[in-house]
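These notes concern the structure reproduced below.
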Amino acid sequence: MESGSEVHQYLENELGDYYYRDDDSLIRATEEGVELVDVEPSVPPEETGGVPDRIRVPELHAQILDVIAGPEERSESVVSVLQKLRASFDIDPEVESVRDALGSLRRKDVVEVEYRTVPTFRLAVERSAFEVETIED
């Protein structure tokens, strides 16, 4: 497809009964859509804001949740999170991958951003407030 409008038109014409956009404009599967593909969504469709009870995320996201500052700690930069990942898991993801993962976790309401000189991140709630299930990338 050549443009976003073509994608939107396809979604509306072919998949309109199987998805909706939530309050944050994220595309979510309807219950019928979930049943059709037999795959659980990364955030259950019944969640209507606030911290979900369970999230399904790729391994890098789960690793970030293990190392990122807690809700009472000082928020940290993408580079700080990357350094913690390197030290804790002996991995070396791209900075952009870490930034994208933090954005995804923010949209799931488990990470919050604080804008200082650069955007910084920390958990929105205690780690025990939600369950993390790792999915394959």
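The values are calculated or read from the model by the stated rules, or taken from the named source; none is laboratory data. Treat the numbers as computed from the prediction; the structure is a model and nothing was measured. Please note: Cβ atoms are built from the backbone with ideal geometry, for glycine as well, and neighbour counts cover all protein chains shown. In case anyone asks, the SASA skips ligands and DNA or RNA and just uses the protein heavy atoms, side chains included. Shrake-Rupley method; radii C 1.70, N 1.55, O 1.52, S 1.80 Å.
Filter the range 102-112 down to the residues that are under 13 Å from SER77 (Cα atoms) and open to solvent by less than 30 Å² (accessible area, probe 1.4 Å) and list them by number.
LEU102, GLY103, VAL111
Under 8 Å by Cβ, and 6 or more places apart or on different chains, what pairs join a residue from the range 4-18 that is part of a helix (DSSP H, G or I) with one that is small (Gly, Ala, Ser) and open to solvent by less than 100 Å² (accessible area, probe 1.4 Å)?
Sorted first by the residue in the range 4-18, then by its partner, the pairs are LEU15/GLY33.
On the basis of being open to solvent by 90 Å² or more (accessible area, probe 1.4 Å), touching a Pro at 6+ places or on another chain (Cβ under 9 Å) and in the same structural domain as TYR18 (by the TED database), does GLU31 make the cut?
In short, yes.
Those residues that are open to solvent by 50 Å² or more (accessible area, probe 1.4 Å) and modelled with pLDDT of 90 or more, I need them from the range 115-128; list them, please.
GLU126, ARG127, SER128
All but one of (1) under 15 Å from the mean Cα position of the chain (by Cα); (2) more than 23 Å from ARG21 (Cα to Cα); (3) surrounded by 15 or more Cβ atoms within 10 Å (Cβ to Cβ) hold for VAL51; which doesn't?
(2)
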